Structures are given as structure tokens and as C-alpha cells.
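The values are calculated or read from the model by the stated rules, or taken from the named source; none is laboratory data. The shown structure was predicted, so the numbers you read here are calculated from the model rather than taken from an experiment. Please note: Cβ atoms are built from the backbone with ideal geometry, for glycine as well, and neighbour counts cover all protein chains shown. Accessible surface areas use protein heavy atoms only, side chains included; no ligands, DNA or RNA. Shrake-Rupley method; radii C 1.70, N 1.55, O 1.52, S 1.80 Å.
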Amino acid sequence: QVGGEVRRYVMAYQDRMNSRGYLTFTGSFTAAPPCGQPSCPPTGDPFGDFLLGYPGVTQRTVGQPQAYLRQLGYAFYVQDEFRVTSRLVLTYGLRYDYNSPFSEKYNHMWNLDYSTLPAQPKLVQEGTSSSTMPADLVAPNRRNFAPRAGLAWRPLASRNLIFRAAYGLYYNPEIAQQAYDLVLNGISTEQDTAPANHPGTNPILTLKNPFQSGLSTGFPGYYGIDPREKAPYSQQWNGAWQYGTHGFLLEAGY
């Protein structure tokens, strides 16, 4: 038996906390001046601040988290069955899997290069090869050969008792989320907080201009993938004795 398949993945991702900005109205601009007592009741109306167009806190995502991820994968296998005797059958095969590193249509992925340590790591853009970073940011894994083996053995002349065993190695492709994190390198969520105001003062944050770089707080996030990482895999094996009698099958397996 032989077979194969070819897969081309096309995925569009966008993970933005505040795609159009997030405005919070606190009621501080419609509140009466402080009464000077610890138990002063709140007098402001958040909806009143909204009607005036004076937000108290604003948030926005700075950067472009849109990504158009691409990946090519293909797999082939060959498998054969050999009858050693009338009581022993061997099954063996080999599978080959290849999944290319994810790429972004517009080269919007960046990876961290730690070769500059102890200085801070630097960002390397997709498509820019260096001595420590491949052009695709992650080196391809082209040696993913996965063997398969199995047997069925009938130790007695009776067909009621059979021993079966099998082994296989299985590669797991990288998930797209790991590659998408490289698109988020350097993207930050900024928050602006308006200073305390009283009626009659000029608010700094308004609906017309809700974001002020001088008031922003926030830090960009950074992600990295080992450029020489190997494809993860798992090994599975099993063995079982099976005994059938009077329409029932009894099995003891590991």
C-alpha cells in the first residue's frame, strides 16, 4: 500500500483587544467639587460625561496584528504485510511528514535573536536571513520519518487465541498560534487616563481626540521561537492477548 497527500493552509488571523479603541466614562467631569469629608457620596454621572464627550480612561492597540499565514505540508507512506507462517503475520511501513515553517504574506513576522546576549535581543524580520536566523525565522524539519510495525500471532492451532502488538512514531505539526505570536512582536496596548478635573476646566481627553501620547502607559509584548526547534513527536505502542469464545471476545492489553 502506498499513499500521499498535499495540504496548503491559508489562515487569516487578527487578535486585537481594542480594534477601534475602548473608552470609559467615569462621571468625574459631572461631579461636584469634593466636600472635604471622607464619606462624601459620588455626585457624577458617567452618562453625563458621555453626553459631554469627556472620557476618563481610553485604551487602544498600537500596531497591526492582522496576519495572513501560509503553510505547505505533504506526507507519504508505504506499508506492507508479510505472512511469515500461517500463524504469524507482520505489518511494517514508513511514513514521511513535512510541514513548512509558517510564513506571512506580507513578511509581518519577527523573531527574537538571542545571539546578542548579554545585550538585549534584537528583532529579525521574516525574509531577512542571518548567520543565526533563517529567512523563514524557523529552520524547516525535513527528516520526519515515522516507522510503523505490527504483528498478529496465533500461538495455538486453535483460532480462539491471538496476540497482537503494534508500534508507531507520530509527528505533530506546529499550531498556527505559535507563529502568529511572531506577528504580535512590538504591538502594545496603550491606556490614557485623564487627570482629575472639575467643572469649568478643559478636559484633555475628548471624543474628538481620545488618545494623547503624553498620557499613555503600556509596554509592548515580545515573543520568540527557537529557530532550530525540532518537530514534536510521540511514540505509541501496544500489545494485547485476545480470546474469543461463544460470541464473546476477552482481551487483556497494554
* Structure fact -> GNM of the chain, Cα pairs under 10 angstrom: of Ala194, Ala166, Ala157, the biggest fluctuation goes to Ala157
* **Amide H within-cut-off set for Gly21, under 5 Å, with H built and near neighbours excluded** => Thr61
* Structure fact -> accessible surface per residue for the chain, probe 1.4 Å, DNA/RNA/ligands not counted, whole Å² -> 64
* Structure fact -> Going residue by residue through segment 237-245, the Karplus relation 6.51 cos²θ - 1.76 cosθ + 1.60 with θ = phi - 60° gives ³J(HN,Hα) values, rounded to whole Hz and with x marking Gly or Pro, of 8, 7, x, 7, 9, 10, 9, x, 7
* Asked: When the chain is treated as a GNM, springs tying every alpha-carbon pair under 10 Å, which of Asn209, Asn18, Asn107 comes out with the largest mean-square fluctuation?
  -> Asn209
* Asked: Amide H to amide H under 5 Å from Met109: which residues, 5+ apart in sequence or cross-chain, H placed 1.01 Å off N in plane?
  -> Glu104, Glu126
* Structure fact -> Computed, not fitted: 222 nm per-residue ellipticity of the chain from DSSP H runs ≥ 4 (each -39500 (n - 2.57)), nearest 500, equal to -1000 deg cm²/dmol
* Considering the chain as a Gaussian network with a 10 Å cut-off on Cα pairs, which listed residue, Phe47, Phe102, Phe25, attains the greatest mean-square fluctuation? -> Phe47
* Could you check how much of the accessible area of the chain is carbon and sulfur, as a whole percent, using a 1.4 Å probe? => 56
* Using alpha-carbon pairs under 8 Å, 6+ residues apart, how would you state the relative contact order of the chain in percent? -> 21
* How high is the FRET efficiency from Arg7 to Ala135, r the C-beta distance, R0 22 Å, rounded to 0.05? -> 0.50
* Asked: In Å, what Rg and Dmax follow from the Cα atoms of the chain?
  -> 31.2, 101
* Asked: Once label points are set 7 Å from the Cα along Cα→Cβ at both Lys208 and Glu81, what is their separation, rounded to one decimal in nm?
  -> 8.0
* When only Cα pairs under 8 Å and 6 or more residues apart are kept, what is the percent relative contact order across segment 122-253? -> 30
* To do: Quick one: what are the phi-derived ³J(HN,Hα) couplings along segment 50-66, Karplus 6.51/-1.76/1.60 with θ = phi - 60°, whole Hz, x for glycine and proline?
  => 5, 5, 6, x, 10, x, x, 9, 10, 9, 7, 9, 9, x, 10, x, 6
* Along Cα→Cβ, 7 Å out, is where each label goes; now give me the distance between the ones at Ser188 and Asn172 in nm to one decimal. => 3.5
